[in-house]
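*Asks:* One structure coming up, written as structure tokens, with questions to follow.
Bear in mind that the values in this text are calculations on the coordinates, not laboratory data. Keep in mind that this is a model prediction, so the values were computed, not measured. All Cβ positions, glycine included, derive from the backbone under ideal geometry; neighbour counts span all protein chains shown.
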Amino acid sequence: MDKGGATEIQPFGVLVRRRIHAAHRDLTRIPNAIEAFTSYWKPESSPTTDGHSAHPQSSPGTSSGNESPSLKKNAIRKESGSLCDTVVTTVDGQQFDTRELDGDRGMSMVADWSLPIFEIAEKHRDTVLSRLTYTVFKQADLFRIFKLSPIKFFNFFHALERGYWDIPYHNRVHAADVLHGCYYLTCHPVRPLIGPTTSPDSLLPPPLTPAAPISSSMSTLELMALYTAAAMHDYDHPGRTNAFLVAAEDKKAILYNDRSVLENHHAAESWRLLQLTENNFIETLDPAETKRFRYLVLEYILATDLKQHFEIIMMFNEKSSEMELLNESDRLLMAKMIIKMADINSPTKPYGLHRQWTDRICQEFYEQASEKTNRCTYTSISTKL
């Protein structure tokens with residue numbers, strides 16, 4: 001209370017920190033965590049009339065600067081895109097029945113934060129990532145909007161999941177889990193908190209606008225890039241950290257000059273896979289869209305390097321009170337935060353899921369420690385000889 005007896009108005013940053021801390025008291029309440037993460041939007045940051053919305057009837061964006069994406073020239077080209085109910089056979093002989101996928105009970109839970117990812121992976125061990133990616137793209141209407149080829153789509157994402165190692169944590173199941181996290185965080189409705197409509201000295205609480213998903217402020221091109229990056233983000237991961245590879249003078253560390261070694265490797269190799277003719281599911285994009293798509297995918301993947309964690313968090317904290325989602329750079333920052341949160345989401349999941357992920361990452365760390373010990377022992381013996 002102040003001297004006059006009126007309620008003290010807390011600085012915006014204090015309110016944000018308190019809301020985040022409150023959410024952290026019960027990490028299983030993920031809707032609260034999401035509201036803490038996304039509640040301070042300004043109403044003008046959610047365009048709905050300029051073609052920028054990512055709802056099914058919207059079009060993808062390739063805007064620059066502060067302009068919202070305007071894609072009327074592409075609306076006719078992509079208007080009739082659809083995914084036929086058919087059996088798709090990939091180049092390696094794997095079959096995907098889209099009618100079966102559309103009726104899959106496990107995939108029908110994609111809108112649930114507690115998606116039983118390990119049960120799905122046990123049932124579809126070799127195709128969990130491609131199946132979940134199909135479901136997410138179908139839910140977001142990306143096949144229709146971009147006229148994506150089902151054959152090339154499944155060729156790419158099945159080849160991608162086959163490139164994930166069979167290791168405890170950084171495998172295709174983790175990639176599918178991160179993709180699911182990105183989908184949930186972009187499509188789960190949140191209630192944006194807007195500022196006072198009268199005097200900044202008003203003691204009245206800010207009014208609430210109707211709940212809306214973050215996807216309503218992103219272009220469909222940005223959404224497709226985010227979902228694709230989530231699926232790609234740990235491709236060909238060896239189960240060792242960047243620090244380990246740098247210390248071991250691994251060829252990847254040498255190639256990328258010890259900087260974001262794994263993240264650069266994941267991005268480069270998965271993009272190389274996408275460039276194969278039979279895998280190029282984004283071939284319907286025009287050159288400007290393709291360039292923008294690639295830029296976004298690379299930015300999202302590189303943001304998962306934990307060495308950049310505090311820098312990105314600091315940038316987000318500085319912008320949180322004035323986030324303008326009409327601004328391209330602010331949307332990029334928001335998307336980076338989404339993929340980062342999805343990448344380390346297990347503490348917010350039910351205990352059973354969290355425990356499995358914790359056991360798996362610990363197992364990888366133990367294996368890395370064992371290899372490091374063996375390397376040191378070998379080096380010591382070699383030196384003595």
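*Asks:* Taking a ≥ b ≥ c as the square roots of the Cα gyration tensor eigenvalues, with a/c under 1.5 meaning rounded and otherwise prolate when a/b beats b/c, else oblate, which class fits the range 206-342?
*Replies:* Values: a/c = 2.59, a/b = 1.34, b/c = 1.94.
Oblate, since a/c reaches 1.5 and b/c is not below a/b.
*Asks:* Next up: List the residues whose amide H sits under 5 Å from the amide H of M218, counting only those 5 or more places along or on another chain, with H placed 1.01 Å from N in the peptide plane.
*Replies:* It is A54, by chain and number.
*Asks:* Then there is this: Short version: ³J(HN,Hα) in whole Hz for each residue of the range 227-234, in order, from phi by Karplus 6.51 cos²θ - 1.76 cosθ + 1.60 (θ = phi - 60°), x for Gly and Pro, what are they?
*Replies:* Ordered by residue, 3J(HN,Hα) equals 5, 5, 4, 4, 5, 7, 4, 10 Hz.
*Asks:* Applying 1/(1 + (r/R0)^6) with R0 = 45 Å to the Cβ-Cβ distance of D112 and C376, what FRET efficiency is obtained, to the nearest 0.05? Before the final figure, lay out each step's value.
*Replies:* Working: r = 45 Å, r/R0 = 1.01.
Efficiency, rounded to the nearest 0.05: 0.50.
*Asks:* Moving on. Arrange the peptides 346-352, 180-186 so that the one whose residues have, on average, the most other Cβ atoms within 10 Å appears first. Intermediate results must be reported in sequence, preceding the final value.
*Replies:* Details: 346-352: 15.6, 180-186: 25.4.
The densest-packed peptide leads the list: 180-186, 346-352.
*Asks:* Sticking with this structure for a sec: In whole Hz, with x marking every Gly and Pro, tabulate ³J(HN,Hα) for the range 348-353 from phi via Karplus 6.51 cos²θ - 1.76 cosθ + 1.60, θ = phi - 60°.
*Replies:* My calculation for the range 348-353 gives 8, 8, x, 4, x, 5 Hz in order.
*Asks:* If neighbour count is taken as other Cβ atoms inside 10 Å, put R259, R131 in order from fewest to most.
*Replies:* Details: R259 13, R131 25.
Fewest-to-most Cβ neighbours within 10 Å comes out as R259, R131.
*Asks:* Using the per-residue mean of other Cβ atoms lying within 10 Å as a proxy for protection, in what order, highest first, do the peptides 355-367, 285-297 fall? Provide the component values of the computation, followed by the final result.
*Replies:* On the way: 355-367: 15.1, 285-297: 17.2.
Most protected by this proxy first, the peptides run 285-297, 355-367.
*Asks:* Once amide H atoms are placed 1.01 Å from N in the peptide plane, what residues at a sequence separation of 5 or more from V88, or on another chain, have their amide H within under 5 Å of its amide H?
*Replies:* Amide H neighbours of V88: F96, D97, T98.
*Asks:* Using alpha carbons only, how many angstrom separate the centre of the range 101-140 from the centre of the range 316-336?
*Replies:* If we compute the Cα centre of each part, the gap is 30 Å.
*Asks:* Over 25 Å between Cα atoms, which of K319/K340; K251/K307; K138/K319; K252/K372 qualify?
*Replies:* Details: K319/K340 17 Å; K251/K307 20 Å; K138/K319 33 Å; K252/K372 17 Å.
Cα-Cα > 25 Å for K138/K319; rest within.
*Asks:* Can I ask one more? For K319 and Q139, what is the calculated FRET efficiency with R₀ set at 25 Å and r taken between the beta-carbons, to the nearest 0.05? Intermediate values should be presented prior to the final figure.
*Replies:* Working: r = 29 Å, r/R0 = 1.16.
Using R0 = 25 Å, I get an efficiency of 0.30.
*Asks:* What is the order of V246, V178, fewest Cβ neighbours within 10 Å to most? Don't jump to the answer; show the numbers that get you there.
*Replies:* Details: V246 17, V178 25.
By the 10 Å Cβ count, ascending, the order reads V246, V178.
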